[in-house]
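Worksheet for the structure shown next.
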Amino acid sequence: MAVEPSSSESMKRRVGRRTRRGGGRLSSHHHQLHHQPPPLRSRFLQPRGGTHLVPDSILFLLFEVGTSRMKKMSNIYESAANTLGIFNSPCLTKVELRVACKGISDRDALSKPDPCVILKMQSHGQWFEVDRTEVIRTCINPVYSKLFTVDFYFEEVQRLRFEVHDISSNHNGLKEADFLGGMECTLGQIVSQRKLSKSLLKHGNTAGKSSITVIAEELSGNDDYVELAFNARKLDDKDFFSKSDPFLEIFRMNDDATQQLVHRTEVVMNNLSPAWKSFKVSVNSLCSGDPDRRLKCIVWDWDSNGKHDFIGEFTSTFKEMRGAMEGKQVQWECINPKYKAKKKNYKNSGVVILNQCKIHKMHSFLDYIMGGCQIQFTVAIDFTASNGDPRNSCSLHYIHPYQPNEYLKALVAVGEICQDYDSDKMFPAFGFGARIPPEYTVSHDFAINFNEDNPECAGIQGVVEAYQSCLPKLQLYGPTNIAPIIQKVAKSASEETNTKEASQYFILLILTDGVITDMADTREAIVHASHLPMSVIIVGVGNADFSDMQMLDGDDGILRSPKGEPVLRDIVQFVPFRNFKHASPAALAKSVLAEVPNQVVDYYNGKGIKPKCSSEVYESSRTPAP
């Protein structure tokens with residue numbers, strides 16, 4: 001049962017109800033107001049410094065998406081609070097789901113599978129992956145330490161699908177994996193039963209005697225995380241021709257005398273004095289918020305056949321572990337009860353030492369926004385020749401007087417949400433893949449207002465006007481390279497890191513009609529950007545085959561650079577616009593922006609950066625009106 005740890009994924013992905021690539025919500029109550037459309041008598045928007053023709057369709061689209069902005073918010077904080085729905089918000093419960101399987105069968109009868117469980121949610125009739133467990137090597141009865149955290153809405157039917165895949169050691173993606181079985185249910189079923197066990201189904205039939213068990217536990221109000229770092233000294237040697245390969249498991253002792261796996265470390269090969277990687281786990285998961293709850297810790301010697309050798313165990317509490325704060329250490333003797341009973345001179349089977357115990361206060365997205373963090377929104381538009389001649393009605397860039405093209409729909413839908421979190425409402429807008437005046441050389445990061453010193457446009461309205469104005473002046477060309485624009489925004493995000501404050505978080509919206517041609521450079525740029533306060537949203541416009549683009553959205557395994565370096569965070573969201581062609585602009589916006597709050601929180605919490613200041617606005621807004 002060799003384990004591939006999930007790199008603190010239990011902290012990094014609080015997926016909630018926010019599904020990937022479909023129908024998740026930025027908040028639970030971003031209400032879509034229903035108004036009659038405005039009369040289409042004005043054909044003009046009034047930009048700064050003059051009048052510019054904008055189709056009626058854009059006026060209606062701006063009205064439809066921006067209805068929440070009808071009441072002019074006095075400041076960004078009220079606007080943020082309104083968008084997130086903290087006023088009159090009903091009770092929302094966070095639930096942790098723990099997964100275990102039994103009797104998993106493999107196609108190869110001579111070997112055991114390397115199973116991984118993938119959680120999917122249904123949205124708009126489609127299944128979207130939201131998270132996955134670690135891979136457990138050579139195991140037919142896996143118990144996973146990675147847990148799923150989801151938001152439970154009593155008023156909604158939240159359909160879940162748990163899929164078990166055999167992930168080979170050479171691949172983390174699903175394309176090379178064997179599907180071992182799945183189970184569908186609703187979150188309500190799991191919550192009502194607390195422990196749901198069902199047979200795994202494969203192609204409609206039971207997959208042998210294999211089954212899956214999901215346990216639900218409501219999260220307490222404590223969202224803090226604790227970071228622990230263990231090592232050991234002089235562990236017993238269980239191998240004849242080499243030293244033990246130890247790993248550590250921590251179990252929480254429940255009130256009903258059962259025990260729940262909290263964390264499993266990686267295996268340290270051939271070492272009797274291992275130092276395991278530090279890991280983060282929620283205080284709720286560790287001890288249910290009770291610092292005196294007993295914790296059982298077991299040290300094993302890993303064997304490739306899955307039959308691991310017991311080295312020893314000890315018990316502790318979170319209260320005791322907190323003794324390792326402020327540079328101190330806590331240690332326990334690792335005891336094998338059988339050896340202790342049989343050997344008169346038995347002392348221990350080694351010593352386990354806790355070198356570090358840090359408590360991390362988990363701040364929310366709203367904490368950072370209310371603390372003054374600004375969302376810096378940048379848009380990049382594909383002007384390659386594959387879009388077609390903008391003068392032709394078949395072109396994806398054709399400006400129809402009554403029907404906005406897909407580029408405009410996506411731009412307005414996403415931009416109208418983001419601009420609520422930017423006080424100056426000035427947005428850089430770039431193009432790529434076109435020959436630009438005056439020399440008409442190809443550029444992949446030109447300002448669409450042709451002002452390289454100041455590429456900012458006044459509001460989403462200004463971006464729309466700059467887009468329409470630049471089209472007749474460009475020669476659509478190619479290729480489709482997006483690495484330069486990612487690197488340009490990453491440079492600004494990198495400068496922001498020098499402040500060591502939660503001041504600005506960058507969102508890059510890329511609108512493109514085809515598969516990119518600089519995939520290697522793009523992967524490298526994304527891996528670099530994953531270390532910065534930055535997220536990338538890619539919307540595929542038109543009917544091209546975007547299957548290769550899915551690899552940029554780290555759902556199908558972990559995105560890696562050409563050199564093999566993995567992303568630090570999953571920062572890319574890709575959606576084909578055609579999936580939302582007949583939906584409201586709000587549906588697209590919710591889908592592509594669903595993960596942004598978590599990505600903001602993950603970045604700043606991971607860096608240990610607190611909100612700039614506490615907000616009285618936030619606290620007062622949570623006080624119910626008399």
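The values are calculated or read from the model by the stated rules, or taken from the named source; none is laboratory data. Remember, predicted model here, so these are calculated numbers, not experimental data. When we count neighbours, we look across all protein chains shown, and the Cβ atoms used for this are built from the backbone with ideal geometry, even at glycine. For the accessible areas, the whole protein counts, side chains as well, though only heavy atoms, and no ligand, DNA or RNA atoms are used. Shrake-Rupley method; radii C 1.70, N 1.55, O 1.52, S 1.80 Å.
A few points about this structure:
- Solvent-accessible surface (1.4 Å probe) assigned to VAL143 amounts to roughly 60 Å².
- Calculated accessible area for region 374-607 comes out at 35 Å² per residue, all protein chains present (probe 1.4 Å; ligands, DNA, RNA ignored).
- Averaged per residue, region 225-360 has 50 square angstrom of accessible surface, using a 1.4 angstrom probe with ligands and nucleic acids left out.
- Net dipole in debye of region 225-360 [+1 Lys, Arg Cβ; -1 Asp, Glu Cβ; about Cα centre; nearest 20]: 420 debye
- Straightening the chain between LYS328 and LYS344 buys 2.5 nm, computed as 0.36 nm per residue apart minus the Cα-Cα spacing.
- Sorting HIS582, HIS165, HIS360 on solvent-accessible area from highest to lowest, probe radius 1.4 Å, gives HIS582, HIS360, HIS165.
- Most positive-pole-ward Cα, ILE460, PHE432, PRO472, against dipole of region 421-472 from beta carbon charges: PRO472
- In terms of distances greater than 24 angstrom between alpha carbons, the cross-link table entries LYS146/LYS361; LYS94/LYS296; LYS120/LYS146; LYS102/LYS146; LYS146/LYS243; LYS146/LYS358 yield LYS94/LYS296; LYS146/LYS243.
- Estimated dipole of region 374-607 in Debye, rounded to 20 [Cβ of Lys and Arg +1, of Asp and Glu -1, Cα centre]: 240 debye
- Sparse packing (at most 15 other Cβ atoms within 10 Å of the Cβ) combined with a DSSP loop state is found for the following GluC sites (Glu not before Pro) in region 452-544: GLU452.
- Assuming charge only on the beta carbon of Lys and Arg (+1) and of Asp and Glu (-1), the dipole of region 324-454 about its Cα centre is about 2040 debye to the nearest 20.
- Largest-first principal axis extents, alpha carbons of region 225-360, Å: 42, 31, 30
- Accessible area per residue (1.4 Å probe, heavy atoms of protein chains only) ranks GLU218, GLU326 as GLU326, GLU218, with the largest value leading.
- Label-reachable residues, region 253-273, where backbone N falls under 12 Å from a point 7 Å from ASP290's Cα toward its Cβ: 253-258
- Figure note: SER503, SER393, SER199 ranked by solvent-accessible area, largest first, 1.4 Å probe, ligands and nucleic acids not counted: SER393, SER199, SER503.
- Amide N of region 460-487 lying under 13 Å from the label point, which is placed 7 angstrom from the Cα of ALA385 along Cα→Cβ: 475-480
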